[in-house]
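Note sheet for the following structure.
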Amino acid sequence: MLVRHCRALRRTTTVLIASTAVAGLSVTAPSSTAGSYTLDRRLEDSRINESSGLARSTYSRDTLFTHNDSGDSARVFAVDPSGDTRAVFTLGGVRSRDAEDIAPGPRNTLWLGDIGDNGRVRDDIRVYRFTEPSTLSSRTVSATTYRFRYSDGRHNAEGLMVHPVSGRLYVVTKASSGAGIYAAPSTLSTSTVNRLTRVAPAPSLIKGASFSPDGSRFVLSGGPYAYVYRSIGGTPVRLEKPPLEQGESVAVTRGGGTMVVGSEGADSPVYKLSMP
């Protein structure tokens, strides 16, 4: 499956290069549709004051994981459908600098993306992988650290996603123009810096990213829109999101038919939208 996914990535990149008139801009404009939404839950824990990422549980439960932006310790909150925090997982030995997104991965893993770089001064960015506990109780969890560097210079980024089948990691940069989707190597190293290679353009000012549970689709979220893709470099369907004070996060839910979007701030709402 991993080999097929990598081949598909190379084919998609080739098609992208052939169909792009200006670097970083897609020739085909995304189609748009109005998204209907309902309130999914509120993040009621006062400790969650700057929710920056959302991830679904890798188990069969409706838990959402979130974390704060820069200024907090490396901890992840498990929030149930009522909005209550069921557990807090602290990543042992990790000092987070600017955590911006969180993503589920294969084999019950969660990946916390310390990928923010507003000043574009970081020599490398970091992503921390840990295993989601099967039971929800607060604890310290061990984490594996991976370092990354872009192949074309420094970037700010707020979107992280991990393919649920192949395990390939992607970082989506945040910029008003020239933003991109960057792919990590298929095998990651813990001893050396891993290279991130641009494989497709991205819409401007993306703040969150998420694969569907089967990996057949992914969502990028930024500004008033969520962009739903069926392939890397493909043309997305653009959905209008509910009005959010500062929309930051997105996660495709366990069934794959809906997504949730969230915002910063105390007692922040999380809304559910249908996937096209």
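Only one residue in Thr66, Thr58, Thr90, Thr38 is farther than 19 Å from Gly247 by Cα, polar (S, T, N, Q) and in a strand (DSSP E or B). Which one? Sole residue among the options that is farther than 19 Å from Gly247 by Cα, polar (S, T, N, Q) and in a strand (DSSP E or B): Thr90.
Among the residues of the stretch 255-275, the one identified as at pLDDT below 95, touching a Pro at 6+ places or on another chain (Cβ under 9 Å) and either part of a loop (DSSP other than H, G, I, E, B) or at positive phi (or both) is Gly255. Within the stretch 184-197, the residues that satisfy the criterion of being surrounded by fewer than 22 Cβ atoms within 10 Å (Cβ to Cβ) and in contact with a Phe, Trp or Tyr (Cβ under 7 Å, 6 or more places away or on another chain) are Ala184, Leu188, Thr190, Val193, Asn194, Thr197. Summed over the stretch 160-206, residues that are within 18 Å of Thr235 (Cβ to Cβ) and either among the small types (Gly, Ala, Ser) or in a loop (DSSP other than H, G, I, E, B) (or both) total 7. A single member of Ser268, Ser177, Ser249 is crowded, with 18+ Cβ neighbours inside 10 Å, over 17 Å from the mean Cα position of the chain (by Cα) and either under 17 Å from Ser36 (Cβ atoms) or of a type outside the set (Asp, Glu) (or both), and it is Ser268. Does Ser96 fit the bill of being at pLDDT below 95, under 16 Å from Ser263 (Cα atoms) and either outside any strand (DSSP E or B) or touching a helix residue (DSSP H, G or I) at 6+ places or on another chain (Cβ under 8 Å) (or both)? Here the answer is no, as Ser96 does not meet what is asked. When each of Arg149, Arg129, Arg154 is tested for being of a type in the set (Lys, Arg) and not in a strand (DSSP E or B), the lone residue that passes is Arg154. Scanning the stretch 90-104 for residues that are in contact with a strand residue (DSSP E or B) (Cβ under 7 Å, 6 or more places away or on another chain) and over 17 Å from Ser249 (Cβ atoms) returns Thr90, Leu91, Gly92, Val94, Arg97. In contact with a Leu (Cβ under 8 Å, 6 or more places away or on another chain) and surrounded by fewer than 15 Cβ atoms within 10 Å (Cβ to Cβ): is that true of Ser96 in this structure? So Ser96 does not fit the description; no. Looking only at the stretch 69-87, count every residue that is of a type outside the set (Gly, Ala, Ser) and assigned to a strand (DSSP E or B) and tell me the total. Selection size over the stretch 69-87: 6.
Residue pairs whose Cβ atoms lie under 7 Å apart, sitting 6 or more positions apart in sequence or on different chains, and linking a residue in the stretch 185-210 that is under 21 Å from Tyr225 (Cβ atoms) to a partner that is among the basic types (Lys, Arg), are Leu205/Lys174; Ile206/Lys174; Lys207/Lys174. Give me the residue from the stretch 198-216 that is more than 19 Å from His155 (Cβ to Cβ), under 12 Å from the mean Cα position of the chain (by Cα) and not hydrophobic (A, V, I, L, M, F, W, C) and, out of that set, surrounded by the fewest Cβ atoms within 10 Å (Cβ to Cβ). Per the stated criteria, the residue is Ser212.
If I go through the stretch 207-225 residue by residue, how many of them are in a loop (DSSP other than H, G, I, E, B) and not small (Gly, Ala, Ser)? Of the residues in the stretch 207-225, 5 are in a loop (DSSP other than H, G, I, E, B) and not small (Gly, Ala, Ser). Just checking, does the stretch 217-231 include any residue being basic (Lys, Arg), buried (at least 21 other Cβ atoms within 10 Å of the Cβ) and at pLDDT 95 or above? There is at least one residue in the stretch 217-231 that is basic (Lys, Arg), buried (at least 21 other Cβ atoms within 10 Å of the Cβ) and at pLDDT 95 or above.
Please verify whether Arg120 is on the phi > 0 side of the Ramachandran plot and of a type outside the set (Ser, Thr, Tyr), treating the condition exactly as stated. Judged against the criteria, Arg120 is a match.
The values are calculated or read from the model by the stated rules, or taken from the named source; none is laboratory data. Just so you know, these numbers come straight off a predicted model, no measurement behind them. Every residue, glycine as well, gets a Cβ built from its backbone with ideal geometry; the counts of neighbours run over all protein chains shown.
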